[in-house]
1. Per 0.36 nm of contour for each residue apart, how much would the distance between residue 142 and residue 214 grow if the chain were fully extended, relative to their Cα-Cα spacing?
2. Once you have the Cα-Cα distance between residue 273 and residue 221, take 0.36 nm times their residue separation minus that, and quote the gain in nm to one decimal.
3. Starting from the residue with the highest accessible area, list 204, 168 in decreasing order, probe 1.4 Å.
4. Through the Karplus equation 6.51 cos²θ - 1.76 cosθ + 1.60, θ set to phi - 60°, convert the phi angles of the stretch 222-232 into ³J(HN,Hα) values in whole Hz; use x for Gly and Pro.
5. Set the bar at 24 Å for Cα to Cα. Now go through 217/264; 111/172; 122/172; 118/172; 122/217 and name every pair that lies beyond it.
6. Given the protein chains as shown and a 1.4 Å probe, how many square angstrom of residue 115 are accessible, to the nearest 10?
7. Leaving ligands, DNA and RNA out of it, rank 276, 193, 142 by accessible area with a 1.4 Å probe, largest first.
8. For residue 172, what charge total do you get from the other residues with a beta carbon under 14 Å from its beta carbon, if Lys and Arg give +1 and Asp and Glu give -1?
Amino acid sequence: MEPNDTIPAAPEGPAPVPPAPAEPPAVADAPVRRRPRGRTTLIIAAAALLGISGGAAVGYGIQAERAPTPLPALSQPGLGHPAKPLSADRAPAPLPAAQDRRVRTDGDLRKLLVDRPKGAKKTLTDELGLDDGWLPLDQYAETYYDDPHFMFESFSELDLRRVASVGWRQGKHRETGVQLLQFRSGDRNGAAEHFGDQLMYMPWDRNGAGNQGDPVKGSREGRYFLFPVERKAGYLPSYRARALAVRGDIVLDINIFDTVPIGKKDIRTLAERQLERL
């Protein structure tokens, strides 16, 4: 080939495709900054507190500027006793002693005790001349309660004034005791409290009757109870009936003990007879 000969150009082909640019590396998601918890609640609480304080201050200021309102007079006409005592022909007659219960109960309480039934024998202490109708507090607690020390303290707290008592024997083994417990007047109604305490434990306590009892006629809340029989080896069975009632400052407590079953009529009629005398 001669130097002047032109070398034919190579046929043009498709233009080369430039390489695709590399994708930038994925950037990790930036952490989202959370709103501090509790800030909104604190703002609301502070606003409420400021509102209450401001309202109280405004209300106090308004009330302080008002003129004081005079109070009504403590002494008003027509509410007190008449200026002059009533004349003799218009004054009410004094209550007779027979109708004034306080006169009777403040006297000799033994006179209000029920009479012994006909044919009944006196108790052993009465036969020996040791029973004058007044029962000492410690002796009463020792005779009729399983925890005499506790009852003695309870009677002292309730301000027991005196105990009038009468008892008798019937048949072979029946013994009956009737007690009138009179409490002093004070801050506490000792008669009502003692009666309520005794009535409350009777249906449930192991030393109680284990039943609700029956109402005593003539008393709003008085009740009488028959106890379940107690049996011990070598001893006769023991039966008991009890009646409780309250009238004013006096609590009536009647107990019957026997070795044979006691009828409801026996304890009921005795309680009704005693209530009639109070």
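1. Residue separation times 0.36 nm, minus the Cα-Cα distance, leaves 23.3 nm.
2. Taking 0.36 nm per residue and subtracting the Cα distance, the gain is 17.1 nm.
3. 204, 168
4. x, 9, 10, 9, 10, 8, x, 5, 10, 10, 9
5. Among 217/264; 111/172; 122/172; 118/172; 122/217, the Cα-Cα distance tops 24 Å for 111/172; 122/217.
6. 90
7. Descending accessible area places them as 276, 142, 193.
8. With Lys, Arg at +1 and Asp, Glu at -1, the neighbours total +1.
The values are calculated or read from the model by the stated rules, or taken from the named source; none is laboratory data. Remember, it's a predicted structure, so these values are computed and weren't measured experimentally. FYI the Cβ positions are ideal-geometry reconstructions off the backbone, even for glycines, and counts take in every protein chain you see. Please note that ligands, DNA and RNA were not included when accessible areas were found on the heavy atoms of the full protein model with its side chains. Shrake-Rupley method; radii C 1.70, N 1.55, O 1.52, S 1.80 Å.
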